[in-house]
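Before any comments, here is the structure.
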Amino acid sequence: MSRNQNRTGFPEDFTPQDDSIGTTAQAAVGDNNSPTFSWSVPTEFVTLPSAGKFYGPDHPLHNATTVEIKYMTAKEEDILTSRALLKEGVALDRMLQSLILDKTVKIGSLLIGDKNALLVAARRTGYGSDYQTNVTCPACAVADEFSFDISDPKIVDYEANLENNHASLTEHGTLLVRLPMTKATVECQMLTGDDEVRLFKEMERKTKKKQESKTTTDVLRSYIVGVNGESSPFVIEAFIQALPARDARVLRTAYTESLPNIDMTQVFDCPNCGHTADMEVPLSANFFWPK
């Protein structure tokens, strides 16, 4: 969706020649005797998988179903190729922040699923909906280039997944999961981009200090906020340490499948052996840095 129609001096039936730009892209150019050049950057409304239901009343996306972003420009490419930002691991976040029109929306405060939707939309506006990357066939193990269509990613039906995983949502936007072995009811928060960064930095810190990285328990600590109504960190830690592997798996599955997100699963047809399978689109390095 665009709010930039009829802003330019082109005829109404003008159609850009480059499909990767999209039909909403229009340029306003002065007459031949004028050195003036102006470009009305097109915008797009991106559907939020969360529909704004899990943001508090003070958040700018509270109950918002979409967020407006501009199309990628050379400015955003500069951000993506900045060595300093890449070294810090913040290039993608800075790029997305630059694209969001409402500057009261901070990228770190977005739920991970909403952030994923923005990433895919930004890539599509910048480089088109055709995403080519190397894929290794699970049947013949041969790596070959394959093209995925990212033009219209599906929204995960998290409400149906809640029922399938015997989970429910609270009025505070947290997730309740009943575990089969311990019979405990675990309350989980939905992680934001900032939460994800903190988790990554903690794992990185342990690696640098040559401490043992306990990925499973670290991830559980990042989103468990209560057990049987108790929110004490000591109760939560004791529960995580004693959690049976079966319950841990049930909890991880319920949490992952109950998050508002986009579904990046597509059909993969191996050009080498003909094997066909559903595959999640691999977000490799060339997703934002295409060849």
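The values are calculated or read from the model by the stated rules, or taken from the named source; none is laboratory data. Since we're looking at a predicted model, the values are computed, not measured. So basically every Cβ, Gly included, is an ideal-geometry build from the backbone, and we count neighbours across all protein chains shown.
For region 140-157, the set of residues classified as modelled with pLDDT under 90 and either outside any strand (DSSP E or B) or at positive phi (or both) consists of 152 only. For region 163-181, a residue qualifies if it is assigned to a helix (DSSP H, G or I) and in contact with a helix residue (DSSP H, G or I) (Cβ under 8 Å, 6 or more places away or on another chain), and exactly one does: 164.
Here's the yes/no breakdown for (1) without any contact (Cβ under 8 Å) to a residue 24 or more places away in the chain; (2) within 26 Å of residue 129 (Cβ to Cβ):
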| residue | (1), (2) |
| --- | --- |
| 59 | no, no |
| 65 | yes, yes |
| 70 | no, yes |
| 73 | no, yes |
| 77 | no, yes |
| 82 | yes, yes |
| 91 | yes, yes |
| 99 | no, yes |
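Annotation note: Cβ proximity below 6 Å between a residue of region 109-137 that is farther than 23 Å from residue 66 by Cα and a residue that is in a helix (DSSP H, G or I) and not charged (D, E, K, R) (sequence gap 6+ or interchain) occurs for 133/286.
Based on what the data block shows, is residue 170 crowded, with 17+ Cβ neighbours inside 10 Å, hydroxyl-bearing (Ser, Thr, Tyr) and either over 16 Å from the mean Cα position of the chain (by Cα) or within 28 Å of residue 244 (Cα to Cα) (or both)? Answer is no for this residue. Of 78, 58, all but one fail to be surrounded by fewer than 15 Cβ atoms within 10 Å (Cβ to Cβ), within 26 Å of residue 155 (Cβ to Cβ) and of a type in the set (D, E, K, R); the exception is 58. Go through 250, 235, 281, 227 for me and flag whichever is outside the structural domain of residue 110 (by TED's automatic domain parsing), in contact with a Ser or Thr (Cβ under 9 Å, 6 or more places away or on another chain) and not charged (D, E, K, R). After ruling out the rest, the residue left standing is 227. Considering only region 61-74, I want to know if a residue exists there that is within 30 Å of residue 201 (Cα to Cα), at pLDDT 50 or above, surrounded by 12 or more Cβ atoms within 10 Å (Cβ to Cβ) and in contact with a His (Cβ under 8 Å, 6 or more places away or on another chain). No. Of the residues making up region 173-188, at least one is touching a residue at least 40 places away in the same chain (Cβ under 8 Å), of a type in the set (Asp, Glu) and closer than 30 Å to residue 228 by Cβ.
Yes/no matrix, rows are residues, columns are (1) surrounded by 15 or more Cβ atoms within 10 Å (Cβ to Cβ); (2) under 26 Å from residue 65 (Cβ atoms); (3) assigned by TED's automatic domain parsing to the domain that holds residue 132:
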position	(1), (2), (3)
195	yes, yes, no
204	no, no, no
208	no, no, no
269	no, no, yes
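Among the residues of region 220-243, those that are closer than 24 Å to residue 170 by Cα, in contact (Cβ under 8 Å) with a residue 24 or more places away in the chain and assigned to a helix (DSSP H, G or I) comprise 220, 222, 223, 239. Among the residues of region 94-104, those that are out of contact with any Lys or Arg (no Cβ under 8 Å at 6 or more places or on another chain) and surrounded by fewer than 21 Cβ atoms within 10 Å (Cβ to Cβ) comprise 94, 100, 102, 103, 104.
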